[in-house]
1. If packing is taken as the mean number of other Cβ atoms within 10 Å per residue, what is the order of 64-71, 20-27, highest first?
2. Can you give the log10 of the normalised intensity I(q)/I(0) at q = 0.12, 0.16, 0.27 Å⁻¹, computed with Debye over equal Cα scatterers of region 101-159?
3. Consider just the alpha-carbon atoms of region 50-171 and return their Rg together with their Dmax, both in angstrom.
4. Through the Karplus equation 6.51 cos²θ - 1.76 cosθ + 1.60, θ set to phi - 60°, convert the phi angles of region 141-158 into ³J(HN,Hα) values in whole Hz; use x for Gly and Pro.
5. What does the charge count around His164 come to, taking other residues whose C-beta lies under 12 Å from its C-beta (Lys +1, Arg +1, Asp -1, Glu -1)?
6. Tell me the net charge near Ala93. Cut-off is 14 Å between Cβ atoms, Ala93 excluded, with +1 for each Lys or Arg and -1 for each Asp or Glu.
7. Over region 142-202, give the accessible area per residue in Å² for a 1.4 Å probe, as an integer.
8. Based only on the alpha carbon positions, what is the Kirkwood hydrodynamic radius of region 179-296, in angstrom?
Amino acid sequence: MFPRNGVYYCEDKTTGKQTSLRTKDEAEALTLLNAKNEAFRQPVLNLQIARTYLTACDPILSARTWQHVMEQIISTKTGNTRTRWQTASQDKALDSIRGRKLVETSAEHFLKVLKCGTVSTNVYLRRAHNYAVGMHWLPWPVLPKLHWPPVQYKEKRAITFEEHQKVINRERNAATRAFFQLLWHLGGSQSDVATLTAEDIDWKNRTIAYQRNKTGVTALISFGNEVAAILRTLPSSGQLFPALARIQEQHRAKLFTMRLATVGISGVSLHSYRYAWAERAKEAGYPERYAMQALGHSSKAIHRAYSKKAHVKLPPLEDYEKKMTVVPVILPLPMTDAFAN
């Protein structure tokens, strides 16, 4: 240890690297130097000392595992979000850290999980880690934010009109066919449309209003003659699709996948109808605020992510210039005439 400009530094005798101790007090600098030397000589003992200090603040901190973190998160969730977390917690890639204590987890443990996991593993492990840090169950992040592998989602696309026509032409069940048709016209998520009721329909104003299952945001959309004709074929009270409403979303998704296989279509899901509606609205020049209300989006960023693949045909500027109406300008009278009047 040595002073430089009043500040104490230490030098690693092995590497020769010099590091500031960030203090001008010799006694404090000496304490920090001794701590560094002890950390080098007895790393295992230091871990035990650290665990003792942490346990004094939180008695179960040193015993808390990643399985406990998952269970705690699940207990705070409801509905579909709870189901997704329960599924994610059963990921086999997490088995290597499931019973590992939080304070004994290293970056290497996380990287091993991420290497053998999927996109879902990356997303949910990241959320569990952030939850543990936020709850102060971890004294420091296991893996720094910038060192997490980037989340690379599979490419998502909208279902085309031709593909939609193939699906409904092949579907023999009238209720299921109407379900697919409403997905196309309303752009709702499969769970929202499957749980629609006759009471959600305002025939006088020709609107459908419902609260989204996922966010609780109210979606309000107007409908035309085509949708009206479809709605008249459905029950006039209660749920519009009682059979589809009773089954879970993954089962509805599986039914749709089976239907796609019969018509030779791949790469789309029921959620692709939502992308299709957003793209169609953008291409048609539908105001963004109306489209957001129809889809139940409260964020412009999310809405634009849905419609980013829309192909918008821009009219030439000269056409806009020709359509401009000349507004007559009334010139003020000369001062003398003005006073004369």
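1. Numbers: 64-71: 18.2, 20-27: 12.1.
Per-residue mean Cβ counts within 10 Å order the peptides as 64-71, 20-27.
2. Results for region 101-159 at q = 0.12, 0.16, 0.27 Å⁻¹ read -0.32, -0.52, -1.24.
3. Considering region 50-171 through its Cα atoms, Rg and Dmax are 18.8, 68 Å.
4. Per-residue couplings from phi come out as x, 5, 10, x, 3, 6, 9, 6, x, x, 7, 10, 6, 5, 5, 10, 9, 7 Hz.
5. Working: positive: Lys166, Arg170, Arg177, Arg259, Arg280; negative: Glu162, Glu163, Glu171.
That works out to +2.
6. Values: positive: Lys92, Arg98, Arg100, Lys112, Lys115, Arg126; negative: Asp91, Asp95.
Net charge in that neighbourhood comes out at +4.
7. Details: 3280 Å² over 61 residues.
I get 54 Å² per residue for region 142-202.
8. Working: mean 1/r = 0.0673 Å⁻¹.
Its Kirkwood hydrodynamic radius stands at 14.9 Å.
The values are calculated or read from the model by the stated rules, or taken from the named source; none is laboratory data. Note that the structure is predicted; figures quoted are calculated from it, not measured. As a convention, Cβ positions derive from the backbone with ideal geometry for all residues, glycine included, and neighbour counts pool all protein chains shown. Only protein heavy atoms, including side chains, enter the accessible area calculation; ligands, DNA and RNA are left aside. Shrake-Rupley method; radii C 1.70, N 1.55, O 1.52, S 1.80 Å.
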